[in-house]
Protein chains: 2
Amino acid sequence: MNESRFLHACRREPVDRTPVWFMRQAGRYMPEYRAVRAKHSLLEICFQPDLAAEVTLQPVRALGVDAAILFADILLPLIPMGIQLEFAAGEGPVIHTPIRTAADVAALRPVEPRESLAHVLQAIGLVRRDLGDHTPLIGFAGAPFTLASYLIEGGSSRNFVKTKQMMYGAPQTWHALMGKLARVVADYLVAQVEAGAQAVQLFDSWVGCLSPDDYCEYVLPHSQFVLRAVKATGVPAIHFGTDTAMLILWMKTAGGDVIGLDWRTPLDLAWKALGPETAVQGNLDPVALLVEAPYPELERRVQAVLEQAAGRPGHIFNLGHGILPETPVENVKAVVEMVHKFSMRRAA
Amino acid sequence: MNESRFLHACRREPVDRTPVWFMRQAGRYMPEYRAVRAKHSLLEICFQPDLAAEVTLQPVRALGVDAAILFADILLPLIPMGIQLEFAAGEGPVIHTPIRTAADVAALRPVEPRESLAHVLQAIGLVRRDLGDHTPLIGFAGAPFTLASYLIEGGSSRNFVKTKQMMYGAPQTWHALMGKLARVVADYLVAQVEAGAQAVQLFDSWVGCLSPDDYCEYVLPHSQFVLRAVKATGVPAIHFGTDTAMLILWMKTAGGDVIGLDWRTPLDLAWKALGPETAVQGNLDPVALLVEAPYPELERRVQAVLEQAAGRPGHIFNLGHGILPETPVENVKAVVEMVHKFSMRRAA
């Protein structure tokens with residue numbers, strides 16, 4: 001059953017155990033990853049298919065998760081659009097020439113992902129060859145809003161002031177930018193599916209800084225464009241953001257077979273609001289994994305998430321956001337085992 | 001009517017116009033404030049009653065707001081507890097010896113605010129003498145959770161990892177810390193009321209990083225302790241946080257006559273959930289003020305907030321969080337005028 005547990009849950013079909021994977025499951029918390037990073041920059045790993053494939057496979061081997069997720073950075077598609085990215089140590093991505101004007105937006109180049117992002121697609125092929133049908137591979141992309149926020153702010157942001165200033169003050173420029181990003185993201189995700197991705201996740205990580213009205217007016221149509229293109233491929237899509245308690249019904253309208261939740265939104269309430277035709281993913285607080293064994297508190301929290309899902313088909317266990325770099329690997333492995341053990345008991 | 005518009009709204013009584021004030025209405029966006037800051041540090045202003053009073057009064061004179069709020073920093077009560085605070089330029093507060101262990105918590109000293117925070121209370125007296133009964137003065141304090149997060153993280157935080165680690169991993173230490181903070185905050189707010197504050201706001205600015213379950217277990221009893229003490233004084237209390245879409249009903253349980261909302265939570269939905277016995281404050285996105293005149297978009301957004309309040313008694317207009325430093329003063333003044341004009345039209 002393991003080869004299809006995750007995909008069955010995406011389609012709300014019964015499973016033998018609740019499937020589990022983790023956002024950022026390939027990353028700095030793993031010694032195997034740090035060993036690769038000691039020799040290669042982040043972009044080198046992303047752009048060399050054998051390295052990207054190796055790093056993608058590390059957590060599948062080490063943790064026994066029910067899905068792999070392609071190792072890549074959400075900002076990669078910006079590079080062929082003409083953006084120079086820099087990853088400053090410990091500071092996250094930096095874009096020295098942020099997008100602020102209509103002319104900046106007009107200068108962004110269209111992207112043919114099968115050419116300029118071919119290395120990423122090749123990594124998908126390598127991972128699929130290694131995984132076979134044993135464990136499914138999730139492709140992913142940043143959603144138009146989240147990519148726009150990096151482009152406009154020039155990096156990470158706390159208040160998204162410049163992003164909202166363009167949105168509120170120059171809505172035509174905003175929509176032109178979002179339209180360009182939506183086309184690139186849609187093409188990129190479709191190309192990932194063609195290359196072998198068996199599901200995709202759209203990361204709208206920072207969209208929770210918006211009110212529902214602003215989401216509907218400035219974001220929804222563009223995310224919908226992306227998710228319609230994915231839907232046409234037939235593979236399931238996970239639509240994820242943080243701080244989205246008031247947005248999830250609109251995110252569902254934009255699309256996605258599965259809505260990803262952070263820990264702020266109780267999974268049972270969210271699922272009730274979303275209705276039976278939607279699957280849900282989440283939503284343990286990543287900080288819950290920063291404990292020492294034994295794990296009574298961690299077990300209690302894993303149980304609580306599973307109880308909120310109440311054994312209903314269509315729950316994929318995950319954290320509410322990515323694994324924190326300081327997380328002990330053995331704790332991540334323990335959570336995989338807990339999810340499988342506790343959900344099997346429930347099924348029995 | 002102006003002298004009581006704000007206080008009437010706190011008590012859900014009818015008003016001639018919707019009252020409006022702004023979080024961080026005294027601050028860097030004002031030239032008058034920057035002139036004082038050019039000569040004095042933040043802590044000097046907080047600790048010299050005449051300077052604190054002057055800075056508190058600046059926005060009342062310049063903007064025509066319906067309430068003054070004492071100029072102070074939420075971290076001031078930590079100083080007599082034994083904490084060394086530093087305000088690094090552009091980096092926010094820094095605590096070089098953060099609180100991490102039971103021994104650290106045990107070493108925190110009890111505080112008699114009438115002695116060690118007497119300068120703040122004196123500033124309240126000076127402001128009241130100047131304002132008379134014309135404009136009410138709001139006192140305030142940081143809530144136990146938000147203060148604890150600064151103490152434990154050593155400053156501002158993005159993920160509140162160390163705060164939650166103590167909460168989840170050492171709950172006894174956590175509750176001991178929160179209990180100490182709750183006593184200090186309760187005494188401090190009661191002393192502010194005795195000194196002349198006619199309402200208070202409890203700022204739990206960062207509590208929205210928690211799930212509702214965690215809020216109820218680790219925060220609610222301590223905020224409740226504070227708000228019960230305030231209730232006994234008879235002045236209205238505003239209970240505010242950001243990212244609180246899933247927390248507002250529990251914040252109401254903890255206490256407060258008015259629940260402050262950020263822009264993520266639609267005011268109409270929130271008020272419906274909170275019920276008729278609670279007043280609401282908010283909730284324009286602060287970034288909406290970063291535009292150039294004329295103001296069609298800003299007017300539309302101010303109107304939208306007022307329409308969600310639907311003329312119901314018990315709405316206090318505010319932003320969803322503090323005024324951003326880059327906000328043009330004339331735009332803040334324009335919002336005050338819009339709120340008064342549009343809400344009068346509605347009342348007519």
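Ignore the peptide's own chain and count Cβ atoms of other chains within 10 Å of each Cβ in B:280-287; give me the average, rounded.
Across B:280-287, the average partner-chain Cβ count within 10 Å equals 3.
What are the residues whose amide H is under 5 Å from the amide H of B:Gln201, where those residues sit 5 or more places off or on another chain and H is modelled from the backbone?
Counting only residues 5 or more places away or on other chains, the set is B:Gly139, B:Phe140, B:Ala141, B:Ile238.
Averaging sequence separations of C-alpha pairs under 8 Å and six or more residues apart, then dividing by the length of chain B, give the relative contact order as a whole percent.
So the answer I get is 22 percent.
On C-alpha positions alone, give me the angle between the axis of helix B:220-233 and the longest principal axis of chain B, in degrees, nearest 10.
60
Closest approach to the B-A rotation axis by any Cβ of B: residue and distance in angstrom?
Here the nearest residue and distance are B:Ala245, 2.
Provide a whole-number value for the mean count of partner chain Cβ atoms within 10 Å of the Cβ atoms in peptide B:255-267.
Taking all residues of B:255-267 together, the mean is 2.
So for the protein assembly as shown: antiparallel DSSP bridges make up what percent, rounded to the nearest 5?
Rounded to the nearest five, the antiparallel share is 20 percent.
Roughly how compact is the range A:2-347, stated as its Cα Rg over 2.2 N^0.38 Å to two decimals?
0.94
Residue by residue through B:210-216, how many Cβ atoms from other chains fall within 10 Å of the Cβ on average?
If you average over the peptide's residues, the count of other-chain Cβ atoms is 5.
Measuring from label point to label point, each 7 Å out along Cα→Cβ, what is the B:Leu43 to A:Arg34 span in nm?
3.6
Between the label point of B:Glu217 and that of the same position in each other copy, find the distances and list them shortest first in nm, with every label point placed 7 Å from Cα along the Cα-to-C-beta direction.
Its label point is 4.1 nm from the equivalent points in the other copies.
What is the calculated FRET efficiency for B:Arg312 to A:Ala102, with r their C-beta to C-beta distance and R₀ = 41 Å, to the nearest 0.05?
Approximately 0.50, to the nearest 0.05.
Under 37 °C and 0.692 mPa s, how fast does the range B:1-71 diffuse according to Stokes-Einstein, given a Kirkwood radius computed over C-alpha pairs? Answer in µm²/s, whole number.
251
Which order do peptides A:202-210, A:33-41 fall in by mean Cβ count within 10 Å, highest first?
A:202-210, A:33-41
Go through the range B:20-33 residue by residue and turn each phi into a ³J(HN,Hα) via Karplus (6.51, -1.76, 1.60, θ = phi - 60°); whole Hz please, and just put x for glycine and proline.
9, 9, 10, 4, 6, 5, 9, x, 4, 5, 9, x, 4, 5
Going 7 Å from Cα along the Cα-Cβ axis for the label, what nanometre distances separate B:Gly125 from the same residue across the other copies?
Result for B:Gly125, in nm, nearest copy first: 8.1.
Label position 7 Å from Cα toward Cβ: report the copy-to-copy distances for A:His96 in nm, one decimal, ordered from shortest.
In ascending order, 3.5 nm.
Starting at the first residue of the range A:177-189, write each ³J(HN,Hα) from the Karplus equation 6.51 cos²θ - 1.76 cosθ + 1.60 with θ = phi - 60°, in whole Hz, x for Gly and Pro.
Taking θ as phi minus 60°, the curve returns 5, 5, x, 5, 5, 4, 5, 4, 5, 4, 4, 5, 5 Hz for the range A:177-189.
What does the highest-first list of B:4-10, B:314-320 look like by mean Cβ count within 10 Å?
Going by the mean number of other Cβ atoms within 10 Å, highest first, we get B:314-320, B:4-10.
Using the structure shown, list the pairs from A:Lys272/B:Lys252; A:Lys252/B:Lys162; B:Lys231/B:Lys333; A:Lys162/A:Lys272; A:Lys272/B:Lys162; A:Lys252/B:Lys252 with a Cα-Cα distance above 26 Å, or answer none.
Result: A:Lys252/B:Lys162; B:Lys231/B:Lys333; A:Lys162/A:Lys272; A:Lys272/B:Lys162; A:Lys252/B:Lys252 exceed 26 Å.
Using the Cα atoms of the protein assembly as shown, I'd like the radius of gyration and the largest Cα-Cα distance, Dmax, both in angstrom.
According to the Cα coordinates of the protein assembly as shown, Rg and Dmax are 25.9, 78 Å.
Cβ neighbours within 10 Å, averaged per peptide: list B:276-287, B:77-88 in order, most packed at the top.
B:276-287, B:77-88
Would you mind checking the range A:186-201 for residues with the amide N under 17 Å from a putative spin-label position 7 Å along Cα→C-beta of A:Gln122?
Counting only backbone N, you get A:192, A:195-196.
Determine the percent antiparallel among the DSSP beta bridges restricted to chain A, to the nearest 5.
20
The numbers here are math on the coordinates, done by the rules we state, and not lab data. Keep in mind that this is a model prediction, so the values were computed, not measured. Methodologically, a virtual Cβ is constructed for each residue, glycine included, from the backbone with ideal geometry; neighbour enumeration extends over all protein chains shown.
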